[in-house]
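Step one of this worksheet: look at the structure below.
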Amino acid sequence: MFYSVDYRNFVQNHRSTFNDVAEALLLKGDTARARQVLLRSIEVMPDASIPYDFTQALGLQLWFEVGEKEKAVEIARILGDRTSEMASYLIDKGLINRDLYNHIAVLGTIQNVLYQYGEDELAQRYEEAYQNYSGQVPARFR
């Protein structure tokens with residue numbers, strides 16, 4: 001399904017806001033409510049309806065912090081695989097642009113968070129993709 005840039009940005013803003021609320025609750029020590037906020041975010045904006053975007057990568061650490069390791073790994077896999085595929089496509093087509101840079105950055109974020117929470121095998125997979133794709137980008141774009 002196609003969504004306009006405006007609509008995707010609208011969803012990204014809302015996902016970011018859910019992450020901000022969850023983070024604020026975690027800082028207050030209210031892990032239970034932070035977990036509820038994150039679960040609600042994917043209930044009302046699931047990947048099946050609006051594909052996960054970079055805001056999910058930025059919020060990946062929150063899922064681990066609220067004790068939702070399985071959900072964190074699931075989101076990392078979905079987003080990491082999709083992002084890796086898109087980076088490969090863009091490189092194959094010679095489309096060295098901001099979108100490619102963003103996909104590579106998402107892979108970097110995912111692997112860093114996964115390493116931080118002991119998911120080394122999956123983290124290594126995305127680290128390899130990150131290094132592969134970033135190594136294919138001409139120096140002037142890095």
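Looking across the stretch 37-63, the residues that are in contact with a Leu (Cβ under 9 Å, 6 or more places away or on another chain) and of a type outside the set (A, V, I, L, M) come down to Asp47, Pro51, Tyr52, Asp53, Phe54, Gln56, Gly59, Trp63.
When the stretch 92-142 is filtered for residues that are of a type in the set (A, V, I, L, M) and farther than 26 Å from Glu74 by Cβ, the ones remaining, listed by number, are Leu95, Ile96, Val137, Ala139. The residues listed here are Arg40, Arg15, Arg8, Arg33; of these, the one that is within 10 Å of Val66 (Cα to Cα) and assigned to a helix (DSSP H, G or I) is Arg33. Taking the condition within 30 Å of Ala34 (Cα to Cα) and within 15 Å of the chain's Cα centre (by Cα), does Leu100 pass? Considered against the rule, which asks whether it is within 30 Å of Ala34 (Cα to Cα) and within 15 Å of the chain's Cα centre (by Cα), Leu100 comes out as no.
If the condition is being of a type in the set (A, V, I, L, M, F, W, C), over 13 Å from the mean Cα position of the chain (by Cα) and farther than 19 Å from Thr17 by Cβ, then the stretch 65-88 contributes Met86, Ala87.
Name every residue in the stretch 100-140 that is part of a helix (DSSP H, G or I) and exposed (fewer than 13 other Cβ atoms within 10 Å of the Cβ), in order of residue number. Give the steps one after another, and end with the answer.
Quick first cut of the stretch 100-140, residues part of a helix (DSSP H, G or I) only: 100-116, 120-136, 139-140.
Matches in the stretch 100-140: Gln116, Asp120, Glu121, Gly135, Ala139, Arg140.
Note on the stretch 82-99: residues that are surrounded by 14 or more Cβ atoms within 10 Å (Cβ to Cβ) and either charged (D, E, K, R) or part of a helix (DSSP H, G or I) (or both) amount to 8.
How many residues does the stretch 103-123 contain that are among the β-branched types (Val, Ile, Thr) and touching a Leu at 6+ places or on another chain (Cβ under 6 Å)? Before you say what the answer is, go through the steps one by one.
As a first pass, look at the stretch 103-123 and keep what is among the β-branched types (Val, Ile, Thr): 104, 106, 109-110, 113.
Checking the rest, the ones that are also touching a Leu at 6+ places or on another chain (Cβ under 6 Å) come to 113.
Within the stretch 103-123, residues that are among the β-branched types (Val, Ile, Thr) and touching a Leu at 6+ places or on another chain (Cβ under 6 Å) number 1.
Could you figure out which of (1) more than 22 Å from Asp81 (Cα to Cα); (2) touching an Asp or Glu at 6+ places or on another chain (Cβ under 6 Å) isn't true of Gln12? Result: Gln12 passes all but (1). Per the conditions (1) assigned to a helix (DSSP H, G or I); (2) surrounded by 18 or more Cβ atoms within 10 Å (Cβ to Cβ), the sole criterion not satisfied by Tyr52 is (1).
Just so you know, all these numbers are worked out from the coordinates, no wet-lab data involved. These numbers were taken from a predicted model, which means no experiment stands behind them. Backbone-built Cβ (ideal geometry, glycine too); neighbour counts: all protein chains shown.
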